[in-house]
Amino acid sequence: NKYRQMNDDALDGGRDRNTTRKYVFACSVFASLNSVLLGYDVGVMSGAILFIRQDLKITEVQLEILVGILSVVSLLGSLLGGRTSDAIGRKWTMAFAAMVFQAGAAVMTLAPSFQVLMIGRILAGIGIGFGVMIAPVYIAEISPTVARGSLTSFPEIFINFGILLGYVSNYAFSGLPPHTSWRIMLAVGILPSVFIGFALCIIPESPRWLVMKNRIDEARQVLLKTNESADEVEDRLAEIKLAAGDSSSEAKSVWRNILRPSPSLGRMLITGLGIQCFQQITGIDATVYYSPEILKSAGISDESKLLAATVAVGVTKTAFILVAIVLIDRVGRKPLLYVSTIGITVSLFCLGATLSFCHGRTKIAVSILAICANVAFFSVGIGPICWVLTSEIFPLRVRAQASALGAVGNRVCSGLVAMSFLSVANGITFGGTFFLFSAFSAASVIFVGKFVPETKGKSLEQIEAMFQGEIQLGDAELFVEKQ
């Protein structure tokens with residue numbers, strides 16, 4: 001399309017395309033730093049709960065609540081995040097998210113009891129709720145069209161990197177006394193705040209938010225830094241102003257639009273909310289949070305070996321997210337979603353069968369392989385792509401709030417899975433639980449085929465037109481090729 005056809009050698013005010021790409025890349029990296037906090041918390045809690053249980057003498061039900069409450073409470077942050085980001089901007093919403101999470105992490109580190117630990121966990125969850133919804137929105141709004149898919153996947157990369165760091169932290173501090181080890185594990189999560197503070201001095205505000213606030217000249221300056229020519233900047237600015245004009249002409253409030261949607265917005269909400277919920281009900285958080293418990297049921301009893309095996313899971317999850325980054329703007333969203341959801345279905349079924357019918361070393365080896373395959377297929381598709389889709393399919397006037405609603409669905413499903421996994425596994429066994437997750441994953445394959453369009457290569461404004469019927473959903477892929 002017109003953005004893809006720019007002359008590779010074009011210069012604009014001494015700026016070449018490499019300089020522009022480096023700037024956008026840096027902005028995307030810095031905007032994604034909050035995701036390290038979420039990933040680290042998920043990864044580190046998988047090992048920390050082993051020592052928290054010993055130190056604070058908590059029950060299994062309390063353990064489930066401790067793990068799952070973060071996801072449930074984070075929906076408050078996500079609900080508030082949409083309106084907050086429209087009021088103070090995408091950039092400062094990310095700053096607020098980091099501050100709230102750090103306060104929660106500090107409280108958890110110093111917690112003398114289960115009750116105080118829960119207070120810290122609730123604060124951390126609210127901060128995470130803000131962070132997970134705003135980072136993809138910001139990156140989608142600042143990215144060039146041809147690289148938007150890859151760049152919007154960055155938060156998922158950093159979540160995976162944070163999970164890996166959490167697993168490594170578990171292994172590194174597992175030799176300390178139980179009273180000390182889990183506190184140090186949680187305290188390490190405070191360190192990324194230094195980098196987030198530095199990031200806020202570097203990244204600009206979203207140009208689309210600036211246009212919404214009628215700060216046109218500032219938006220133009222940001223677009224000049226993130227696009228490769230002045231002509232492209234003016235094209236993008238005109239599209240954004242048109243979308244913002246449509247939003248200002250709406251008589252109804254944003255939430256009234258969402259709660260009583262038009263047919264096109266209804267299709268967007270089904271796609272966005274559905275893909276977010278399916279990302280979690282296939283059990284990825286149960287696999288990550290409770291991987292030591294799952295492997296213990298497979299036959300590994302030594303704690304150091306359990307934590308070492310989880311490191312292997314973390315390395316696999318992080319490595320395959322890089323595959324998604326390379327392929328998402330080349331292959332497209334939908335083909336990767338098919339590979340991902342089908343692969344997850346098979347992996348979960350194999351894990352369920354192994355835990356139910358195998359014994360000895362075979363059970364341990366195949367269980368580890370099945371878990372690694374599950375997180376690999378998750379990372380190569382539905383993990384990052386669900387955030388990409390929800391950040392790009394909604395129109396400007398409702399983008400922040402609708403994305404927040406998608407994040408709420410994601411966090412609610414995550415919390416329900418995390419808070420019920422051990423109880424369900426006690427009732428129908430670990431193997432039976434993974435058979436159930438496999439059935440949910442099979443349903444996600446059908447959902448992708450019926451409701452998810454291909455958005456590769458389109459501007460955000462073109463995607464809105466596609467859902468409005470100006471471009472037929474079934475003709476989306478052909479449209480991209482013709483352009």
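The values are calculated or read from the model by the stated rules, or taken from the named source; none is laboratory data. Please read these numbers as outputs of a predicted model, since none were measured by experiment. All Cβ positions, even for glycine, are placed from backbone atoms using ideal geometry, and neighbour counts span all protein chains on display. When the accessible area is computed, the model is the full protein with side chains, heavy atoms only, and any ligands, DNA or RNA have been set aside. Shrake-Rupley method; radii C 1.70, N 1.55, O 1.52, S 1.80 Å.
Before moving on, here are some points about what is shown:
- Sorting Thr455, Thr109 by accessible area puts them as Thr109, Thr455; the probe is 1.4 Å, largest comes first, and only protein heavy atoms count.
- Largest-first ellipsoid semi-axes for the chain, taking √(5λ) over the Cα gyration tensor eigenvalues, angstrom: 38, 24, 20
- For the chain, the solvent-accessible area works out to 37 Å² per residue, with a probe of 1.4 Å and every protein chain left in place.
- Charge dipole (the chain, unit charges on Cβ, about Cα centre) - positive-most of Cys201, Met212, Pro112: Pro112
- Calculated log₁₀ intensity ratio I(q)/I(0) where the Debye formula runs over C-alpha points of segment 85-197, q = 0.09, 0.19, 0.21, 0.23 Å⁻¹: -0.29, -1.05, -1.19, -1.31
- Normalised by the number of residues in segment 15-203, the average gap of Cα pairs under 8 Å and 6 or more apart makes the relative contact order 40 percent.
- Rh by Kirkwood over Cα pairs, then Stokes-Einstein D for segment 260-482 at 0.890 mPa s and 25 °C, µm²/s: 135
- Magnitude of the charge dipole for segment 15-203, about its Cα centre and with charges confined to Cβ atoms of Lys, Arg (+1) and Asp, Glu (-1), is about 460 debye.
- Rounded tilt (10° steps) of 154-173 against the dominant C-alpha axis of the chain: 20
- Number of Lys pairs (Cα under 18 Å; 8 or more positions apart or on different chains) in segment 260-482: 8
- Here, segment 15-203 is characterised by an Rg to Rh ratio of 1.02, where Rg is the alpha-carbon radius of gyration and Rh the Kirkwood radius.
- Residue among Leu422, Val42, Phe440 farthest towards the positive dipole end of the chain, charges placed on Cβ: Leu422
- Projecting the Cα atoms of Asn257, Leu186, Gly406 onto the dipole axis of the chain, where Lys and Arg carry +1 and Asp and Glu carry -1 at the beta carbon, places Leu186 farthest toward the positive end.
- Segment 267-365: trypsin sites (Lys or Arg not before Pro) in DSSP coil with no more than 16 other Cβ atoms inside 10 Å: Arg330
- With R₀ fixed at 22 Å, the C-beta to C-beta distance from Leu416 to Gln54 puts the FRET efficiency at about 0.25.
- Carbon-plus-sulfur accessible fraction, segment 260-482 (probe radius 1.4 Å, protein heavy atoms only): 68%.
- Prolate/oblate/rounded label for segment 335-436 (Cα gyration tensor, a/c 1.5): oblate
- Under a model in which nothing but the beta-carbon of Lys, Arg (+1) and Asp, Glu (-1) is charged, the chain shows a dipole of about 580 debye around its Cα centre.
- Structural descriptor for the chain: relative contact order 24 percent, calculated from alpha carbon pairs under 8 angstrom and at least 6 residues apart.
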